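Report on the structure given below.
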Amino acid sequence: MACTESECVADCVRRAETLAFADPPPHSIGYMPIYVPRELIHAAGLLPAGLYGGGDRLEIIRGDAYFQSYICRIPRSTIELALSGHLDRLDGMLFPSICDVIRNLSGMWQMLFPDRYVRYIDVPQNFDPAVGGRFWRHELETLRRDMERIAGRPIDDEALRNSIAVYNENRAAIRELYAQRSRAPWRFPLSEAYLVLRAGNSVPPEEHTALIRDYIRGAENDLSRREMDQSRVVLAGMFCEQPPHGLLVTLERAGCAVVDDDLFLGMRWIQGDIPLDGDPLQNLVDAYLTASATTASRYSPEGHRAKWLLESYRRNEAEGVIFCAPSFCDPALLEQPMLVAALDRAGIPHTEFKYSEDTGQFAVIREQAGTFSDSIRLWSAS
Ligand code: SF4
């Protein structure tokens with residue numbers, strides 16, 4: 001018997017939740033947030049497995065011993081995952097240059113696991129093709145050789161083109177999910193979309209794309225979902241350590257319809273399709289130089305930092321912005337004053353709070369978000 005639309009959506013979300021917190025399967029290369037060129041790993045027949053910490057489902061026992069108390073939680077939960085055997089099936093680990101914490105974590109990894117493949121990916125901050133582009137091509141050539149060695153097979157241009165096409169499809173599906181959420185957030189609540197996105201960290205991209213499309217199809221036809229009296233908000237600051245799922249549920253219950261966010265930004269780092277003709281490695285380089293997402297860990301000229309946020313606010317017809325960043329996250333919290341100043345200049349309402357991936361008490365956040373949502377509606381009605 002065919003399932004109803006509601007049952008199909010519930011089944012998708014259940015599958016997504018199981019996958020979202022699953023250990024990486026064999027023949028995977030783990031990578032920390034935010035961006036690595038997943039196409040190169042996929043073209044070698046390996047699975048790029050995004051590691052976003054242990055969330056609120058992991059008790060930290062040994063991980064605390066490796067880091068001081070005044071940094072974010074994701075490095076200690078990642079170490080805990082590794083020491084407790086959850087990452088044993090990885091064939092290697094990549095640490096992209098996002099912040100000092102990730103740099104230190106990569107050094108810690110090399111000391112703890114000297115026999116395993118570890119690479120610190122120095123993502124360029126210069127976008128001149130002759131400087132940053134040349135450097136990035138050299139990095140990608142090295143990574144290509146490393147992946148070939150681990151996989152025991154060459155990565156030819158055709159395989160790389162095929163992987164670029166697979167990830168173009170995946171990014172297109174994610175863009176479609178975001179567009180649908182913006183159009184009708186009550187049909188695609190963030191608390192579900194988050195699980196559907198997170199599932200993509202531990203399954204092949206082809207499977208993830210199918211899951212996203214199944215979810216979109218089910219949710220858009222589920223007529224039991226009704227429009228709710230909520231304020232449309234953009235969430236900013238969650239590109240690395242992820243908020244606990246309960247926090248996203250809390251925001252929705254507090255009356256916030258999230259119409260855009262920067263969760264799992266690495267999955268949609270490249271904005272748009274990467275061309276399939278010509279030299280595929282150079283296409284990866286060019287896409288990084290010209291089509292990268294704007295975020296705190298990537299250099300942007302003065303004044304450009306707030307542009308993405310203002311554009312998102314307008315494009316998604318939002319009514320307010322919530323800065324929601326991990327405690328002690330230098331990249332997110334250092335850029336926040338600049339973003340706040342830009343919102344103030346534009347007269348856009350905003351509020352802010354911090355979280356840790358294992359935050360368990362949401363009463364204060366619910367009150368704050370609820371008050372913010374109510375005040376937006378009052379202001380816009382007056
Ligand atoms: S949460 Fe922030 S400070 Fe911590 S590793 Fe990620 S980017 Fe760095």
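Pull up segment 306-328, narrow it to residues that are hydrophobic (A, V, I, L, M, F, W, C) and not in a loop (DSSP other than H, G, I, E, B), then point me to the one that is nearest to the ligand (Cβ to nearest atom).
This residue is A325.
Taking segment 218-230 as the range and being under 20 Å from R15 (Cβ atoms) and free of Cβ contacts under 8 Å to residues at least 60 places away in the same chain as the test, the residues that pass are E220, R225. Scanning segment 138-183 for residues that are surrounded by fewer than 18 Cβ atoms within 10 Å (Cβ to Cβ), part of a helix (DSSP H, G or I) and among the basic types (K, R) returns R145, R149, R175, R183.
All of (1) in contact (Cβ under 8 Å) with a residue 24 or more places away in the chain; (2) part of a helix (DSSP H, G or I) hold for V233 with one exception: (2).
Quick one: in segment 261-278, of everything that is among the aliphatic types (A, V, I, L, M) and farther than 22 Å from Y313 by Cβ, which residue is surrounded by the fewest Cβ atoms within 10 Å (Cβ to Cβ)?
Filtering segment 261-278 for residues among the aliphatic types (A, V, I, L, M) gives 263, 265, 267, 270, 274, 276.
With farther than 22 Å from Y313 by Cβ added as a condition, the list becomes 270, 274, 276.
Working: I270: 23, I274: 20, L276: 13.
Per the criteria, the residue is L276.
Picking from residues in segment 87-105 that are in contact with a Gly (Cβ under 8 Å, 6 or more places away or on another chain) and hydrophobic (A, V, I, L, M, F, W, C), the one that is farthest from the ligand (Cβ to nearest atom) is L90.
Evaluate the following for E252: is it part of a helix (DSSP H, G or I) and more than 16 Å from the ligand (Cβ to nearest atom)? For E252, the condition - part of a helix (DSSP H, G or I) and more than 16 Å from the ligand (Cβ to nearest atom) - is met. A Cβ distance below 7 Å, combined with a sequence gap of six or more or placement on separate chains, defines the contacts here; from segment 24-42, residues that are more than 11 Å from P96 (Cα to Cα) reach residues that are more than 16 Å from the ligand (Cβ to nearest atom) and charged (D, E, K, R) in the pairs P24/R89; P25/R89; P26/R89; H27/D91; S28/R89; S28/D91; I29/D91; L40/R144. Look at (1) within 16 Å of the ligand (Cβ to nearest atom); (2) out of contact with any Leu (no Cβ under 9 Å at 6 or more places or on another chain); (3) farther than 27 Å from N168 by Cβ and you find that P301 fails only one, number (1).
Yes/no matrix, rows are residues, columns are (1) within 16 Å of the ligand (Cβ to nearest atom); (2) among the small types (G, A, S); (3) within 28 Å of P331 (Cα to Cα):
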{"position": "T4", "(1), (2), (3)": "no, no, no"}
{"position": "V13", "(1), (2), (3)": "no, no, no"}
{"position": "P37", "(1), (2), (3)": "no, no, yes"}
{"position": "L40", "(1), (2), (3)": "no, no, yes"}
{"position": "G54", "(1), (2), (3)": "yes, yes, yes"}
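If the condition is being small (G, A, S) and away from the ligand (no atom under 16 Å from the Cβ), then segment 15-35 contributes A16, A20, A22, S28. Using the structure shown, decide if T295 is of a type in the set (S, T, N, Q) and crowded, with 18+ Cβ neighbours inside 10 Å. Considered against the rule, which asks whether it is of a type in the set (S, T, N, Q) and crowded, with 18+ Cβ neighbours inside 10 Å, T295 comes out as yes.
Readers should treat all values here as calculations from the given coordinates under stated rules, not as data from a laboratory. Computed from a prediction, not measured in an experiment: that's the story for all the values here. Quick reminder, even Gly has a Cβ in these numbers, built from the backbone with ideal geometry, and neighbours come from all protein chains shown.
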